[in-house]
Amino acid sequence: MVAPVTKAVIPAAGLGTRFLPATKAQPKEMLPVIDKPAIQYVVEEAVRAGIDDICIVTSSSKRSLEDHFDRNFELEHLLTSKGKDREKDDVVALAELADFHYVRQGEPLGLGHAVATARRHIGDSPFVVLLGDEFMAEGSGLLEGMIATHQEHGCSVLALMEVEGDEIARYGSADSEAFGDRLVKVNGVVEKPKPAEAPSNLAVMGRYVFTPQIFEHIARLTPGAGGELQLTDAIGTLLAEQQVLGFTFSEGRYDTGVVLDYLKVIVEMAAARPDIGPEFSAFLKDFVAKV
Ligand code: G1P
């Protein structure tokens, strides 16, 4: 029987240089998307898929991440004394979303290295990796589908989405063949290829289900694209030992990794919110008519 998947690793040790100076003294994962920090959407996505143990990979200046998913008695007491019970329940609930654990990545050696820092915590179980720069719409069912695929086939599963033109240079690119409904068999992966050299325009998005064998492949990594220890390269050698499947999807992804995409996510999500959406959409229409 295939073990259930209950553990997640969220790498959140990056410097966030694309968002400087906003990220000089606060983690990029804490930048708000309307009224929640970006990482909260990622954690909620994991919890919806049945994850109850979350290991966040942090680095120096990331303390506010830990505080966000912890109790804060002073704030709770203050909210209670002001009769703000709903707000109090919301902040308490954050600490109860899952069991949170933290490991530190002392040196910025790459995504593969960041995932490897969680090895001792994960042990010998399958686990998911969620990159904090992106999150999926509620109801997208992507992670749930990937975990179900892992449970059916017992192998690692990557989220894959077609991207246009030269955009593939920002991602891992998958060489694959048809396997089944929404599924492809992955034959190779190349990290941030030149568009002309990309095996396909199927990009690896930041959701992975891994068998624990991935750690052995990460341990053998040598520096790859950008001089970093690349998770993509470890997937490349894992493939020689085990099948890896790709779970394809085409919508419901919110990318907050670069400033322009981050802005688009906020506008899109604000327009869809029942509480502020109607007023915000009316404002947008007026605004667009003027520009
Ligand atoms: C990372 C991965 C890459 C993947 C991308 C998804 O790159 O290395 O394979 O396609 O995330 O967002 P990064 O965006 O950290 O440079």
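Straight-line cross-link reach from LYS24 at under 24 Å between alpha-carbon atoms covers these lysines, not counting any fewer than eight positions away in the same chain: LYS36, LYS62, LYS264. Estimated from helices alone, the mean residue ellipticity of the chain at 222 nm is -10000 deg cm²/dmol (sum of -39500 (n - 2.57) over DSSP H runs with n ≥ 4, per residue).
Sequence gap at least 6, Cα distance under 8 Å: using those rules, report the relative contact order of the stretch 1-104 to the nearest whole percent. It would help to have the intermediate numbers written out before the result.
Numbers: 120 pairs, mean separation 34.5, N = 104.
Taking the mean separation of contacting Cα pairs over the length of the stretch 1-104, I get 33 percent.
Along the axis of the charge dipole computed for the chain (Cβ charges of +1 for Lys and Arg, -1 for Asp and Glu, origin at the Cα centre), the listed residues PRO108, PRO32, ALA148 are led at the positive end by PRO108. When Rg and Dmax are taken over the Cα atoms of the stretch 90-176, they come to 15.9, 45 Å. Straightening the chain between GLU279 and GLU96 buys 62.6 nm, computed as 0.36 nm per residue apart minus the Cα-Cα spacing. Between the alpha-carbon centres of the stretch 143-167 and the stretch 204-273 there is a gap of 10 Å.
For the residues ARG170, ARG63, a 1.4 Å probe over the protein chains yields an accessible-area ranking, largest first, of ARG63, ARG170.
With contacts defined as alpha carbon pairs under 8 Å and 6 or more residues apart, what's the relative contact order of the stretch 168-291 in percent? It would help to have the intermediate numbers written out before the result.
Details: 146 pairs, mean separation 26.9, N = 124.
Computed value for the stretch 168-291: 22 percent relative contact order.
Working from label points 7 Å from Cα in the Cα-to-Cβ sense, the GLU87 to ASP70 distance is 2.2 nm. Between ASP124 and ALA272, the simple spin-label model (points 7 angstrom out along Cα→Cβ) gives 4.1 nm. Annotation: amide H of THR256 within the under-5 Å range of GLU134, PHE135, sequence separation 5 or more or interchain, hydrogens built in the peptide plane. Simple spin-label estimate for ASP52 and ARG18 gives 3.5 nm between the two label positions (7 Å along the Cα-to-Cβ direction from each Cα).
Close amide H contacts of GLY172 (hydrogens built in the peptide plane, cut-off under 5 Å, sequence separation of 5 or more or a different chain): LYS192, VAL204.
Under a 5 Å amide H cut-off, with hydrogens placed 1.01 Å from N, ASP99 pairs with ASP53, ILE54 among residues at least 5 apart or on other chains. Exposure check, 1.4 Å probe, all protein chains in place: THR17 carries approximately 90 Å² of accessible surface.
Express the carbon and sulfur contribution to the solvent-accessible surface of the chain as a percent, rounded to the nearest whole number, probe 1.4 angstrom. The C+S portion of the solvent-accessible surface of the chain is 52 percent. Evaluated over the Cα positions of the stretch 1-92, the convex hull gives a direction-averaged projected area, one quarter of its surface, of 7.8 nm².
Could you tell me which GluC sites (Glu not before Pro) in the stretch 73-124 are loop residues by DSSP with no more than 11 other beta carbons within 10 angstrom of their beta carbon?
Values: sites: GLU74, GLU76, GLU87, GLU96; in loops: GLU96.
Of the GluC sites (Glu not before Pro), the ones in loops of the stretch 73-124 whose Cβ has at most 11 other Cβ atoms within 10 Å are GLU96.
Run the numbers for HIS153 and THR80: contour at 0.36 nm per residue of separation, minus the present Cα-Cα distance, in nm.
Values: separation 73, 0.36 × 73 = 26.28 nm, distance 4.91 nm.
Result for the pair: 21.4 nm of gain on full extension.
Note on GLU251 and ALA3: with the Förster distance fixed at 25 Å, the Cβ-Cβ geometry gives a FRET efficiency of about 0.25.
Protein heavy-atom accessible surface, 1.4 Å probe, per residue over the chain: 50 Å².
Could you compute the FRET efficiency for ASP286 and ALA137, with r as their C-beta to C-beta distance and R0 at 25 Å, rounded to 0.05?
On the way: r = 27 Å, r/R0 = 1.06.
That gives a FRET efficiency of 0.40.
Across every pair of non-identical alpha carbons in the chain, the mean reciprocal distance, once inverted, gives a Kirkwood radius of 20.1 Å.
Quote the FRET efficiency, to the nearest 0.05, computed for ALA240 versus ASP181 with a Förster distance R0 of 35 Å and r equal to the Cβ-Cβ distance.
Working: r = 26 Å, r/R0 = 0.75.
Given R0 = 35 Å and the Cβ-Cβ separation, E is 0.85.
Rounded to the nearest whole angstrom, the semi-axes of the ellipsoid equivalent to the stretch 171-291, taken from the Cα gyration tensor as √(5λ), stand at 37, 17, 14, largest first.
Can you give the relative contact order of the chain as a percent, counting alpha carbon pairs under 8 Å and 6+ residues apart? With pairs under 8 Å counted, the relative contact order is 20 percent.
The values are calculated or read from the model by the stated rules, or taken from the named source; none is laboratory data. Values in this document were obtained by computation on a predicted structure and should not be read as measured data. All Cβ positions, glycine included, derive from the backbone under ideal geometry; neighbour counts span all protein chains shown. Surface areas here come from the heavy atoms of the whole protein model, side chains and all, with no ligands, DNA or RNA. Shrake-Rupley method; radii C 1.70, N 1.55, O 1.52, S 1.80 Å.
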